[in-house]
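*Asks:* Here it is, the structure, as structure tokens.
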Amino acid sequence: MKHATYIGSWEKSVDIPVSNKPEFAFIGRSNVGKSSLINMLVGQKELARTSSKPGKTQTINLFDVDQRLHICDLPGYGYAKVSKKRRTEFKNMIRYYLTKRENLSALFVLVDLRIPPQTIDLEFINDCGIHGIPLVLVGTKSDKLKPEALKENLKAIENALYEAWEELPPFVVSSANSKVGRKEILQIIEDAIQRSQQ
Ligand SMILES: Nc1nc2c(ncn2[C@@H]2O[C@H](COP(=O)(O)OP(=O)(O)OP(=O)(O)O)[C@@H](O)[C@H]2O)c(=O)[nH]1
Ligand SMILES: [Mg+2]
């Protein structure tokens, strides 16, 4: 990834311009580190807006990378501080995007490695599985954990997923701070582009 530019932000999925470039979307609970991960991947600190307060990203934001692929920064789910109505709107916006976006090549679902598996994450991941959305799981903020704790938490996430999955989707351990996982994620993106061109 050499050069990324902002394309635009939309409140309604139906308004996003149709494109045939392979698109890679990032989702997960508010504050899990979606926007930070995107910036780490493209190597541009302030491409996607980040914040220490949850609920920063509230629209669907698209970025172009090298005129070859798109990256999509989605709003976080499970943010408690928005109204029920707004939350339902978010949910519908995300569902529409995930089920109708024809050039969606993969959805990266981010989970916070510092905490035990969260019901909302598991439900979301399982739901994506049911709908056949091509998933990649990314554990975030690994820099905050000692190796033992990291191992334990990874095991817990894996075990929770095995309750619904026979074979788990790929899982990448990452850190936006230390760039752990960058190579792996970029490789997954490259492989998906190659596959889509076959
Ligand atoms: N230590 C550490 N902190 C991180 C990492 N990634 C993100 N953060 C911090 O977590 C907070 C949230 O990051 P964002 O990237 O804005 O999270 P988001 O998932 O885009 O959040 P919303 O847009 O609100 O849904 C910020 O304070 C980041 O600095 C990481 O890998 N390690
Ligand atoms: Mg964000």
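*Asks:* Would you calculate the separation in nanometres between label points at residue 52 and residue 167, each defined as 7 Å from the Cα along the Cα-to-beta-carbon direction?
*Replies:* 4.4 nm
*Asks:* Within the stretch 4-197, what percent of beta bridges assigned by DSSP are antiparallel, to the nearest 5?
*Replies:* Restricted to the stretch 4-197, the bridges split so that about 35 percent are antiparallel.
*Asks:* When the helices in the chain are scored as -39500 (n - 2.57) per DSSP H run of 4 or longer and the sum is shared across all residues, what 222 nm value do you end up with, to the nearest 500 deg cm²/dmol?
*Replies:* One gets -11500 deg cm²/dmol as the mean residue ellipticity at 222 nm.
*Asks:* Tell me the label-point distance for the pair residue 95, residue 131, using the 7 Å Cα-to-Cβ offset, in nm and rounded to one decimal.
*Replies:* 0.8 nm
*Asks:* List the aspartates and glutamates whose Cα lies under 19 Å from the Cα of residue 2, skipping any in the same chain that are fewer than 8 positions away.
*Replies:* Counting by Cα, and skipping residues close in sequence, residue 2 has these aspartates and glutamates nearby: 23, 46, 64, 66, 73, 184, 190, 191.
*Asks:* Any chance you could run the full-extension gain for residue 183 through residue 196? It's 0.36 nm times the residue separation minus the Cα-Cα distance, nm to one decimal.
*Replies:* Full extension from residue 183 to residue 196 adds 2.7 nm.
*Asks:* Which entries of 53/84; 84/179; 155/183; 84/155; 91/183; 53/144 show an alpha-carbon separation above 25 angstrom in the structure shown? Let's see the in-between values first.
*Replies:* Working: 53/84 19 Å; 84/179 36 Å; 155/183 23 Å; 84/155 33 Å; 91/183 31 Å; 53/144 18 Å.
The pairs that break the limit, which is 25 Å between Cα atoms, are 84/179; 84/155; 91/183.
*Asks:* I've got another one for you. For the stretch 109-198, just say rounded, prolate or oblate: build the C-alpha gyration tensor, square-root its eigenvalues into a ≥ b ≥ c, call rounded for a/c under 1.5, and beyond that prolate if a/b exceeds b/c, oblate if not. Can you show the working numbers first?
*Replies:* Details: a/c = 2.29, a/b = 1.15, b/c = 1.99.
Since a/c reaches 1.5 but b/c is at least a/b, the shape of the stretch 109-198 is classed as oblate.
*Asks:* A follow-up question, please. If you take every residue apart from residue 29 with its C-beta less than 10 Å away from the C-beta of residue 29, what net charge results, scoring Lys and Arg +1 and Asp and Glu -1?
*Replies:* Here the charged neighbours net out to -1.
*Asks:* Work out the FRET efficiency for residue 114 and residue 5 from their Cβ-Cβ distance, taking R0 = 41 Å, and round it to the nearest 0.05.
*Replies:* In this case the efficiency is close to 0.80.
*Asks:* Quick one: Karplus J couplings for the stretch 111-125, per residue in order, coefficients 6.51, -1.76, 1.60, θ = phi - 60°, nearest Hz, x for Gly and Pro?
*Replies:* 10, 7, 6, 7, 10, x, x, 9, 3, 4, 5, 4, 4, 5, 4
*Asks:* Can I get the semi-axes of the stretch 4-197's equivalent ellipsoid? Compute them from the C-alpha gyration tensor as square roots of 5 times the eigenvalues, in angstrom, largest first.
*Replies:* Equivalent-ellipsoid dimensions as semi-axes: 23, 19, 18 Å.
*Asks:* Can you tell me which of 85-96, 33-44 comes out highest on packing, and rank the rest after it, using the mean Cβ neighbours within 10 Å?
*Replies:* 33-44, 85-96
We did not get these values from a lab; they are worked out from the coordinates using the rules stated. Note that the coordinates shown come from a computational prediction; the quantities given were computed from them, not determined experimentally. Cβ sites come from the backbone with ideal geometry, for glycine too, and all protein chains shown count toward neighbours.
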